[in-house]
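These notes concern the structure reproduced below.
The values are calculated or read from the model by the stated rules, or taken from the named source; none is laboratory data. Computed from a predicted model, the values in this text were never measured in an experiment. A quick note on method: Cβ atoms are made from the backbone with ideal geometry, for glycine too, and the neighbour counts reach across all protein chains shown. Quick note on the areas: whole protein, heavy atoms, side chains included, nothing else; ligands and nucleic acids left out. Shrake-Rupley method; radii C 1.70, N 1.55, O 1.52, S 1.80 Å.
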Amino acid sequence: MIDALKEAAMICKTMFRNGYDAHVVNAPLQQHLLSVTKGKAVDLACEAGYDVLVKIFPDARPAPAESRCTATLEQDGILYRFYPLSMEKSEHPELAQMRLTPTMAESIPPQERMRLKLTGFGGASSEPNDPYDGFEPLATGEVRLAGLPDDTLRHNYLLGVRAMRFAANFDLPIEENTRLAIIRATSRILDYVPVTDFMDEWRKVDAEAMYRFVGHMQELHLLQGLIPELAALACIRDHRNKRSSETQDLLTHTLNCVRFYPEGNFHYDWLGTIAMLFHDVGKPYTAEYIDGFWTFYQHHRVGASVTRKILRRLHFPAEDIDLICHLVRCHMYFYFMMTDRGIRRFMALDDYPRLIEMAKADMLARDEPMTSFNHNMKYLERASIPEQMLEPLLNGNEIMQECRLNPGPMVGVIRDALLKAQIAGDVTDLESAKNFVQNYAGTVAEPSKD
């Protein structure tokens, strides 16, 4: 190794001693270039930025922006160029080490340069960390990876996840060659993209676009590897509703629910939409096929446990996990026709407005009659009135007439008992109210002989 490379190695060691990674880029190639070119220059890859380099090497100078260097340093007639060591965590392992810089490529004869790739130095971004880097302009009307999709994806597999985000948020199709490149790279996307990076992209998906994003994940075979418990819903087909002979798989039903949920009062409710996504994840664990019909008893409780396991695997914050699992566990409450007592217990649950919207989305996705939902909404209005302000179905005069009582404190006792029976759901109409006060009066007082 000639003196320039030895000095470059010493510079790298200095960087290591100061806590920053650095290495000489493709030392064998640079040794060859030093022997055949007039200019003496060595390229290094360094983790530190210019503000750090100038403290370690006071003679360092900032490099022009178009050179794509971090800094330059001239010592003993040798120019040392520092390039950023910012390799993507989600790129192919073979590309993780920088092997060629733009200045090195310019020193190579043109006939050899054509077969070399600028690993780590793709097309220039419009701005640092530009999320659209690696994509053709979206104005084309589709999501398309720049250049050769397979090669572009190989340099950063996170682009496959980002392509699905763009397609979902902007409601654009994924270009066919890009789509096939993602399908071919599915296993490598799951292997090389950290879960935290995957979730960073997912959290940028709008709640109203969530069903499209998950649909792309399923179509491109990423859902099966990332959340197999959710993908398993596609294996069970059930009747769309009790009145229809039409069947659909549970994953399709789930995506329809996810589509309807944000259309109500929760347009931006990302966590509620995620809860809607997992609300039926317990069904494969509780499914039983009896007499031509599926049953999924207690799927909401089992689903909450399964959801907790999944969300921990996806590194969700603990408070988000608790909220989502609570919604999954309680999503069935508002689905059935409730009594006054049931409604009041329901309103004591945390985030009950979200549970109402989940029940509505579920019914819309199944195209079921909204009878029970509308009934519960009316009772919900009634439940907002304090119990002491509610009126019984029979007033004092009607109670005295039905029970043949004279005015007195007993009428008030029976009235209070009737009101409590109404709140409990034991009395629902005028006829049952008459029967109740007559039976109750017979147990607590003798009727008048008048």
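Observations on the structure shown:
- Cα-based shape type of segment 198-269, given that a ≥ b ≥ c are square roots of the gyration tensor eigenvalues and the cut on a/c is 1.5: oblate
- Candidate values (1) 29.8; (2) 30.7; (3) 27.7, label of the one derived for Kirkwood radius over Cα pairs in Å: (3)
- 5 angstrom amide H check on Val143, placed H, neighbours 5+ away: Ile174, Glu175
- Each residue of segment 333-344 was assigned a 3J(HN,Hα) from its phi angle through the Karplus expression (A = 6.51, B = -1.76, C = 1.60, θ = phi - 60°), giving 4, 8, 6, 9, 5, 10, 8, 4, 5, x, 5, 5 Hz with x at Gly and Pro.
- Phe135 long-range amide H proximity, modeled H, under 5 Å: Ala146
- Segment 282-334, relative contact order in percent, only Cα pairs under 8 angstrom and at least six apart counted: 34
- Asp59, Asp150, reordered so the largest accessible area comes first (probe 1.4 Å): Asp59, Asp150
- Per-residue SASA entry for Ile174, accessible area with 1.4 Å probe, Å² rounded to 10: 20
- Extension gain for Asp21-Asn406 works out to 129.0 nm (0.36 nm per residue, less the C-alpha to C-alpha distance).
- Under a model in which nothing but the beta-carbon of Lys, Arg (+1) and Asp, Glu (-1) is charged, the chain shows a dipole of about 760 debye around its Cα centre.
- With contacts taken as Cα pairs under 8 Å at a separation of at least 6 residues, the chain carries a relative contact order of 8 percent.
- Chymotrypsin sites (Phe, Trp or Tyr not before Pro) lying in DSSP loop within segment 320-384, provided at most 12 other Cβ fall within 10 Å: Phe336
- Fraction of beta bridges assigned by DSSP in the chain that are antiparallel (%, nearest 5): 70
- Computed over protein heavy atoms with a 1.4 angstrom probe, the accessible surface ordering of Tyr192, Tyr80, Tyr132, largest first, is Tyr132, Tyr192, Tyr80.
- Built amide H within the under 5 Å cut-off of Ala71, gap 5+: Ala63, Phe82
- Here the peptides 211-224, 398-411 are ranked by packing, the mean other Cβ count within 10 Å, and the order with the highest first is 211-224, 398-411.
- Rounded to whole Hz, the Karplus (6.51, -1.76, 1.60) HN-Hα couplings of segment 163-179, x for glycine and proline: 4, 5, 5, 4, 4, 6, 5, 9, 6, 10, x, 8, 4, 4, 5, 5, 4
- Candidates Leu145, Leu29, Leu44: whichever shows maximal mean-square fluctuation once the chain is modelled as a Gaussian network with Cα springs under 10 Å: Leu29
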